[in-house]
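Asks: Structure incoming, see below.
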Amino acid sequence: MYQADYHIHCSYSGDSDAPMEEMIKEAIRRGLDEIAFTDHVDFGYPDPSFEAIDYEEYIPYLESLREKYRGRIKLALGVEIGYQSAEHARIQDFLEKYPFDFVLLSRHMSEGLDYYTGDFFAGYDQKTSYRRYFESVLRSVRQQENFDVFGHLDVIVRYGPFEEKNLAYADYQEILDEVLRRIIEKGHGIEINTSGFRYGLGRMHPQVDFLKRYQVLGGEIVTLGSDSHQAKDLNDHLPQMQELLKSLGFKTFATYAKREPVFHKL
Ligand SMILES: [Zn+2]
Ligand SMILES: [Zn+2]
């Protein structure tokens with residue numbers, strides 16, 4: 001079984017203190033064949049440390065570690081870009097500038113409002129909040145063509161003052177089908193992000209009904225990521241996710257090299 005964790009943060013991200021090399025050593029200890037560093041670049045985020053990575057330093061450092069651990073683990077140069085329409089031009093310039101292997105597109109804010117702080121939910125009920133989030137996801141995948149995989153598609157359930165942490169795909173089917181169709185048509189993929197287990201949701205992002213629908217619509221590209229910000233969370237639940245994908249009828253999962261998907265048998 002090929003094992004790859006394709007969503008990892010290290011101390012270059014504003015919300016992690018884990019040194020890059022420590023993550024690599026632990027990944028090797030855990031038997032991973034490959035990892036992708038996907039540190040946060042979130043232009044326009046209220047906390048400016050989320051757009052402060054110096055890639056002129058980052059890339060040579062990652063390359064030196066690639067050399068040091070060659071033959072023991074494969075390291076992909078990735079990034080988790082937080083999308084906001086207002087930052088579109090900056091995002092394009094940034095992505096054209098650096099030789100990423102893998103670009104993960106996510107939303108951490110919509111309408112200029114943060115989910116994490118709760119601002120996004122003020123004055124809205126649950127369904128309306130989720131609908132606004134999914135509409136912003138649809139805008140993202142329509143406006144932004146330069147990415148590989150859309151991250152944690154239903155992450156919105158983590159936040160907000162609502163007790164119920166599940167949602168029904170069917171309640172948002174019209175929007176979500178458009179999101180998934182657009183992703184599939186453009187040759188992009190989605191990820192299974194296992195951080196939901198650590199957030200007490202007892203499941204991954206997105207929910208299984210999203211994955212089933214993605215498969216029915218013809219989606220084939222799926223990456224697997226723990227969204228670890230600490231070495232102890234590397235590869236969290238990912239072997240089980242390979243089993244889950246297999247049980248849903250998927251034949252492969254993906255990693256990326258120089259922005260091209262590489263498929264691994266499940
Ligand atoms: Zn994220
Ligand atoms: Zn992340």
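Bear in mind these aren't lab numbers, they're just calculated from the coordinates by the rules spelled out. All of these numbers come straight from a predicted model, not from anything done at the bench. As a convention, Cβ positions derive from the backbone with ideal geometry for all residues, glycine included, and neighbour counts pool all protein chains shown.
Asks: Of the cross-linked pairs K97/K232; K68/K258; K25/K74; K97/K258; K74/K232, which ones have a Cα-Cα span greater than 23 Å in the structure shown?
Replies: On the way: K97/K232 32 Å; K68/K258 20 Å; K25/K74 12 Å; K97/K258 14 Å; K74/K232 19 Å.
Where the Cα-Cα span goes over 23 Å, the pairs concerned are K97/K232.
Asks: With +1 on each Lys and Arg Cβ and -1 on each Asp and Glu Cβ, how big is the dipole of the chain about its Cα centre, in debye rounded to the nearest 20?
Replies: Working: 31 positive and 45 negative charges, 212 e Å.
My answer is approximately 1020 debye.
Asks: Multiply the residue separation of M1 and R30 by 0.36 nm, subtract the distance between their alpha-carbon atoms, and state the gained length in nm to one decimal. Intermediate values should be presented prior to the final figure.
Replies: Values: separation 29, 0.36 × 29 = 10.44 nm, distance 1.32 nm.
Working it through step by step, the gained length comes to 9.1 nm.
Asks: Considering only the stretch 4-265, what is the antiparallel percent among its DSSP beta bridges, to the nearest 5?
Replies: Values: 9 of 34 bridges.
Beta bridges within the stretch 4-265, antiparallel portion: roughly 25 percent.
Asks: OK, next. Highest mean first, what order results for 205-211, 147-153 on Cβ atoms within 10 Å?
Replies: Values: 205-211: 20.4, 147-153: 25.0.
For the peptides 205-211, 147-153, the packing ranking is 147-153, 205-211.
Asks: Hey, what number do you get for the chain at 222 nm if only DSSP H runs of n ≥ 4 count, each worth -39500 (n - 2.57), divided across all residues, to the nearest 500?
Replies: Numbers: 8 runs with 88 residues, N = 266.
Computed ellipticity for the chain at 222 nm equals -10000 deg cm²/dmol.
Asks: Write down, largest first, the equivalent ellipsoid semi-axes of the stretch 1-88 in whole Å, where each equals the square root of 5 times an eigenvalue of the alpha-carbon gyration tensor. Walk me through the numbers before you get to the answer.
Replies: Numbers: eigenvalues 128, 35, 25 Å².
Result for the stretch 1-88: semi-axes of 25, 13, 11 Å.
Asks: Follow-up question, since we're still on this one. Beyond 27 Å, how much of the Cα-Cα pair distribution for the chain remains, as a whole percent? Could you put the intermediate results ahead of the total?
Replies: On the way: 11473 of 35245 pairs.
Tail of the P(r) past 27 Å holds 33 percent of the pairs.
Asks: On to the next question. Residues of the stretch 204-226 with the amide nitrogen closer than 18 Å to a label point 7 Å from the Cα of E174, along Cα-to-Cβ, please.
Replies: The answer is none.
Asks: In nm, what is the difference between 0.36 nm times the number of residues separating Y61 and E21 and their Cα-Cα distance?
Replies: Working: separation 40, 0.36 × 40 = 14.40 nm, distance 0.98 nm.
That works out to 13.4 nm of additional length.
Asks: If you don't mind, another one. Sort Y45, Y2 so the one with the fewest other Cβ atoms within 10 Å of its own Cβ comes first. The partial results should precede the final answer.
Replies: On the way: Y45 19, Y2 15.
Exposure proxy ranking, most exposed first: Y2, Y45.
Asks: Still on this structure: So if I take the centroid of the Cα atoms in the stretch 115-184 and the same for the stretch 16-62, what is the distance between those two points in Å?
Replies: The two parts, judged by their Cα centres, are 25 Å apart.
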